[in-house]
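The structure is given below, and queries will be raised subsequently.
Just so it is clear, none of the values below were taken in a lab; they were calculated from the coordinates. Owing to the predicted nature of the structure, the values given are computational and were not obtained by experimental measurement. Glycine gets a Cβ as well: all are built from the backbone with ideal geometry, and neighbour counts include every protein chain shown.
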Amino acid sequence: MKKTISLRALLFRYLLSTAVLCLGLGLVWLFGFGILLNCGFLLPASSAAEACSRTAAQVLPEMTADTFDETRLDPLCRYALFPARDSIAVLDTNMDDWHLERALNAKMGGSGNLGYTQYHIQTTLADGSVCLLQYDYSVPYADARLQQKLPDFQSCYIALLAAALILTAWCNTRRTARRISADTTRLQQACGRIMDGELEGEAFGRARIRELDAALAAMQTLREHLAQSLRDQWGAEEQRAEQIAALSHDLKTPLTVISGHADLLLEEDLPPQARESAAAVRRGCDTAVGCLADLRAAAAPGAAAHEPKELLDAAEFLARRGESGRALCTGAGRKFRLLNRLPAGTRLQVQPHRMARAVENLLDNAVRFAPPGGTVTLEARLEDHRLVFGVTDTGPGFSPEALRKAGRLLYTGDAARHDAHQGLGLYTARQVAVAHGGGLDLRNAPTGGGCAELWLPAAVCR
């Protein structure tokens, strides 16, 4: 593994290396320029000025407008011939329109020096006509033919340097960016592995940038802590499931004995009060058996979740739940109502035993907290693309704390509706609803009392 480097040092190295590379490229550029000058391929930048000065002093004074000979002028000279000093009529020129415009501007007294700088020498010929020579300080080709065929060397050479500098800076930037990108990619992959729940396997590795390497190390530590936390949680869940299973097994035998003796007593010719007591014992055993079933489902929810779904007739399903509700209410001195608001012929694609147990848990919970003579209502309806099983009682309703926490495993903190069975019943109902893609909502009815609504996606209806 290569030695790590801080991000600040990496950026400083990038800036320094870019500057050194650009400086080296500039030196190479100057060295190449000097070679071209020394070998005679190029002329010094002052060559055009010297050529125009010689021409103005030695050649032009002997000429007239009629005897003007362009071939006697140095090729580096650009000229324009005028009939008089104050005239702008051009008799002859070798300038293009762009240079001629600047020459006329200079002749009329303008600056002529905007942008690319040109200089002018105005010479009077023997007959009074005027020749305006134009030159600039740039490096020309030594060969006159190249001057005519190729673009300006100085501009091209400067453009070449600019392109080389840009390319050098881009390459060095790309090299540094790839180094940073490699480490950030490793960091992103580590995040993705944690998000996917991959808490085991090989380590995330190391990054070459110190700050990103520290982030990777922190993520690896977090990953290990998460893995250990999950192992501890799984171990606690397994231990709890084993304890609940053992408790259920231990309680099953005495409950069976009590239930059997209650059945034997009910077969005898007992006085009414004794028969009622024996029946209460039998109902209590049935309730305890139901609680044990909820405990086993809560301890090992995965086993119950694998119950296959079946297509049930909704009316028949509700009728059976209605029978259970009436039995619960009759034994407790409450009234029961069943409201089936589902369309005729509705069928449900659900896990039959789990769904039945969930609805009966809601009924049992409502019966426990409805006052004597109160009413428990089971309603089934389609609402907002959902199938809703609502159970309402006329009891004291849910406290604010219960509305937040009821439905958690073994939650019994509501003083108004305190009972150990509540924690299992609502928890089981919520788990069944979630397994079908739905949920459990608790609220207080406007007329008083609690309302528990187990809802499922409307897709379960056929």
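Would you mind checking which residues have amide H under 5 Å from Leu339's amide H? H placed 1.01 Å from N; only 5 or more apart, or other chain.
Leu378, Glu379, Ala380
So how tilted is helix 210-267 from the main axis of the chain? Cα-based, degrees 0 to 90, rounded to 10.
Computed tilt is about 10 degrees.
Now for a different question. Helix-only mean residue ellipticity at 222 nm, the chain, DSSP H runs n ≥ 4 weighted -39,500 (n - 2.57), per residue, nearest 500. What is it?
My calculation for the chain gives -18500 deg cm²/dmol from helical runs alone.
Using only Cα atoms, find the angle between the long axis of helix 7-38 and the longest principal axis of the chain, and express it within 0 to 90 degrees, rounded to the nearest 10.
Helix 7-38 sits roughly 20 degrees off the main axis of the chain.
Given the Cα-Cα distance of Ala246 and Glu276 and 0.36 nm per residue of separation, how much length would full extension add, in nm?
7.6 nm
Okay, moving on. When we measure straight from the Cα of Lys335, which aspartates and glutamates land under 14 angstrom away, once same-chain ones fewer than 8 places off are left out?
Counting by Cα, and skipping residues close in sequence, Lys335 has these aspartates and glutamates nearby: Glu323, Asp364, Asp393.
Work out from phi, with θ = phi - 60° and the Karplus expression 6.51 cos²θ - 1.76 cosθ + 1.60, the ³J(HN,Hα) of each residue of the range 87-97, listed in order in whole Hz, and give x for Gly and Pro.
Whole-Hz 3J(HN,Hα) from phi for the range 87-97: 9, 10, 6, 8, 7, 7, 6, 10, 8, 7, 4.
Based on the alpha-carbon gyration tensor of the range 47-137 and its eigenvalue square roots a ≥ b ≥ c, which shape applies: rounded if a/c is under 1.5, prolate if not and a/b is larger than b/c, or oblate?
oblate
Using a Cα-Cα cut-off of under 20 Å, which aspartates and glutamates could be cross-linked to Lys309, ignoring same-chain neighbours fewer than 8 residues away?
Straight-line reach from Lys309, under 20 Å: Asp294, Glu360.
Could I ask something else about it? Please identify which residues in the range 8-47 have an amide N closer than 19 Å to a label point set 7 Å out from the Cα of Ala182, following the Cα→Cβ vector.
From the range 8-47, the list is 8-15, 17-18.
Give me the aspartates and glutamates in straight-line cross-link reach of Lys107: C-alpha distance below 14 Å, same-chain residues under 8 apart excluded.
Result set, ordered by chain and number: Asp86.
Which angle from 0 to 90°, rounded to the nearest 10, does the C-alpha axis of helix 314-332 make with the longest principal axis of the chain?
50 degrees
How big is the charge dipole of the chain about its Cα centre, in debye rounded to the nearest 20, if each Lys and Arg gets +1 on its Cβ and each Asp and Glu gets -1 on its Cβ?
Here the chain has a charge dipole of around 1200 debye.
Sticking with this one: Pop a pseudo-label 7 angstrom from the Cα along the beta-carbon direction at both Leu23 and Ala332 and give the gap in nm to one decimal.
The two pseudo-label positions are separated by 8.9 nm.
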